[in-house]
Every structure is written in structure tokens, then in C-alpha cells.
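Taking it in order: structure first as C-alpha cells, then the write-up.
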Amino acid sequence: MSNVSTTMVQYSELLNEIKLHIRSAHAKAALAVNSAMIQLYWNMGKMIANNQALFEGRNNYVEQLANDLRTEFPDMKGFSRSNLFYIRKFYQFYSVRQAAELNKILLQNSELSVQQVAGLSPTDEISVQQVVALNKEIVSVPWGHHMILLDKTKAIDEAMFYLQQIIEHNWSRTILTLQIEQNLYGRQGKAITNFNTTLPEQQALLANQILKDPYNFGFLTLEAKVQELEIEKQLTEHITKFLLELGKGFAFIGRQYPFKIGDKDYRIDLLFYHIRLRCFVVIDLKTGEFEPEFAGKMNFYLSAVDDLLKADTDQSSIGIILCKSKSKLEVEYALRGMNKPIGVSEFTLTQALPTELKSTLPTIEEFENELNK
């Protein structure tokens with residue numbers, strides 16, 4: 001390699017390294033700015049809430065405050081009348097959790113009073129970080145996401161769940177709205193499983209968290225008497241939406257995945273690999289109600305996958321049986337005594353319109369023509 005080529009390679013490496021540092025610094029600066037703004041809104045919300053008498057039934061005070069702030073700080077955004085109401089609601093909503101956390105610290109350190117905790121210096125044994133950490137998830141999330149949470153969630157636990165998901169998965173506001181509307185909080189970790197008896201403790205905890213009940217396949221439109229193969233086909237055709245519903249970490253391996261035991265050929269409905277769990281995930285689709293023999297069949301599939309596909313560095317394969325309906329007691333009996341980790345969840349679909357109803361509705365072309373008129 002010539003000296004010129006060597007120099008160009010070195011320069012390219014230098015440029016890439018500098019760009020990496022710039023991006024990292026920019027990201028840290030943006031996070032710091034966001035944290036400062038959220039903390040400002042928290043303090044503003046507290047002051048507005050503490051002067052509630054000025055605002056009760058007299059919205060013109062909020063209007064006046066908004067105008068005065070915009071006049072004083074013309075280059076700053078966020079001081080509209082509607083945003084001031086959000087700021088007040090933001091403080092009132094999360095201050096309940098802050099009070100609970102502060103009480104927990106006081107109970108653990110009964111010799112301290114509230115005033116003492118509030119006046120602690122950074123060098124004290126119960127450090128300022130302990131109190132600041134109460135806001136860690138809150139100050140890490142952009143204000144636009146908070147506005148959605150204030151509009152669409154009712155309970156602190158629900159909001160905190162979504163805050164953690166936003167931070168972990170870097171959700172946009174669109175994805176956050178979709179997940180709230182599909183009630184991820186109410187479905188996450190609700191499947192019936194035997195993970196606690198078939199997996200190590202930490203693996204079982206994570207595996208239980210990734211399963212939902214029910215799974216929402218509303219992005220599919222299928223006939224009422226649809227067969228499993230048609231659902232599989234459409235799920236793989238809509239793989240991006242399917243993976244979003246399954247959750248982060250699933251990598252698609254194949255549909256109707258073939259394997260052979262002795263002289264007989266078998267096929268797995270859907271096969272995935274989960275990056276965080278480091279294991280294969282077998283999904284068996286059933287369009288009807290759960291039957292106990294489904295668990296035995298899944299146990300067989302998992303034994304085969306562990307023998308034929310699992311590497312030494314992989315964890316035990318996990319099975320998920322998805323069915324249209326189930327009896328909790330029947331599932332628990334079916335999974336009892338199984339030595340392979342299996343979870344059972346329901347799934348929901350959007351059924352296609354009946355033919356007679358379709359004929360009464362305008363087509364997209366007809367609808368566009370009417371709009372153009």
C-alpha cells in the first residue's frame with residue numbers, strides 16, 4: 001500500500017472517531033437539556049399547584065401567566081396556556097409517587113424528619129442522589145412523551161411502566177401511543193406459564209416479562225373460519241408488525257420450520273430466536289380453544305429443538321402456545337409436570353367484513369371521487 005493510501009486510511013479512521021465523539025457529546029447535551037427542562041416544568045408545576053386559588057374557575061389567570069412568560073422569554077417555547085395546564089397536571093400526577101418514595105426513605109431511616117431529608121447535603125450518608133433518583137425515569141423522557149402519558153394513563157404504576165419501556169426501547173411518540181391504545185401494560189407478563197419451575201430464577205423472570213396475554217393481531221383481517229396456515233402466512237407477510245407485537249429481542253428464523261425425528265418429518269409453525277434470553281422460541285398457533293394435548297406436542301417440539309438446534313451457549317428453548325381462548329385451570333393442569341418451559345396466551349384478530357356488508361360500503365376509489373367532488 002502506498003504512503004498516500006495509508007494516509008487516507010488513517011485520516012478516515014480519525015474522522016470516524018471524531019464523528020463518534022461529536023455524536024456522543026451531542027446526545028449527552030440533548031439529554032442534559034431535556035433533563036433541565038423537565039426539572040423546570042416540575043418546579044413550575046409545583047408553584048402553580050401551590051397557588052391553586054389563583055386558577056380555580058378563573059382560566060384568565062393562566063392566560064395572563066402564559067402571556068407574561070412569553071413576553072419575558074420570547075425565545076423560549078413551552079409557555080402556552082395549554083402547556084401550563086399540562087405542567088400543573090404533570091406535577092400533581094407524579095408528586096403522589098414522589099411522596100410515597102420519600103416516605104419509604106423516612107421509614108427506613110426513622111430518626112430523620114422530612115425537613116432533615118430535604119436539607120441533606122451531597123456528602124450525607126443518605127445522599128441527594130437517592131432523592132434525585134426518584135426522578136430518574138421522569139427526567140430522561142422528552143416532554144412530548146409525558147403529554148401523551150398524562151392524556152392516556154390514569155395510574156402512576158401504569159405511567160412508570162411506559163416510562164421504563166420508552167427508555168429501554170427508545171420509543172417514538174407514535175409507538176408509545178400505539179402501545180398504550182393496545183394496553184401493553186395490561187397484557188405484559190400475563191400469560192400462564194411454568195417458567196418458574198422449568199427455568200433458572202433470572203431467566204424465568206425475564207421470560208415471564210416478555211410474554212403477553214392476549215396478543216393483538218389486529219393488523220390482520222381474516223375470515224371467521226380461518227385456518228392456522230393462513231394466520232401464519234399473514235403474520236410472516238406482516239413480519240414487522242408481528243415483531244413489534246411480540247416485543248423487542250425476537251429474531252425471525254422461519255415459518256413451517258422442518259425437522260426430522262427418526263423416519264418422520266415435522267414442522268414448527270413459527271420459530272424465533274430471542275437475543276436477550278439467548279434461546280430459541282417455538283410458537284404453535286391454534287385457532288380454537290386450548291386443549292391439554294397442545295402442551296404435550298409443544299414439549300416434544302422443544303425437546304427436538306434443544307437436541308437439533310440449541311448450541312452449548314444457548315439457554316433452554318421456550319414454547320409459546322397461542323390460541324383463541326383458554327381455561328386458566330385447564331392450562332395450569334396441562335403444564336404441571338412438564339419439564340420444558342411453556343407459556344400459553346390468547347390472541348385476537350380483526351375479522352373480515354361479511355360479503356353482504358362489503359357490497360353496501362363504497363370502495364376507496366368511490367370514496368376518493370366523492371371527496372374530489
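Every read-out reported here was derived from the displayed coordinates using simple, explicitly stated rules and does not represent laboratory data. This one's a predicted model, so the numbers in the text were calculated from it and none came from an experiment. Here the Cβ is made from the backbone with ideal geometry for all residues, glycine too, and neighbour counts use every protein chain on show.
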Using the number of other C-beta atoms within 10 angstrom as an exposure proxy, rank Ser80, Ser24 with the fewest first.
Ser24, Ser80
Which far-off residues, 5 or more places away or on another chain, put their amide H under 5 Å from the one on Gly189, with H placed in the peptide plane?
Leu211, Lys212, Asp213
Using the Cα centre of region 252-318 as the reference point, and only Cβ charges (+1 on K/R, -1 on D/E), how large is the resulting charge dipole? Debye, rounded to the nearest 20.
240
So between Asn60 and Gln164, what do we pick up on full extension, going 0.36 nm a residue minus the alpha carbon distance?
33.8 nm
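Between Leu205 and Ala29, what length comes free when the chain is fully extended (0.36 nm per residue of separation minus the Cα-Cα distance, one decimal in nm)? Mind showing how you got there, number by number?
Values: separation 176, 0.36 × 176 = 63.36 nm, distance 3.49 nm.
Residue separation times 0.36 nm, minus the Cα-Cα distance, leaves 59.9 nm.
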Starting with the fewest neighbours, write out Cys323, Cys279 ranked by other beta-carbon atoms found within 10 Å of each beta-carbon.
Cys323, Cys279
7 Å from Cα along Cα→Cβ at both Thr197 and Ile253: what's the point-to-point distance in nm?
2.6
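Could you list, in their original order, any pairs among Lys286/Lys328; Lys233/Lys297; Lys297/Lys324; Lys136/Lys310; Lys212/Lys260 whose Cα atoms are separated by more than 28 Å?
Lys136/Lys310; Lys212/Lys260
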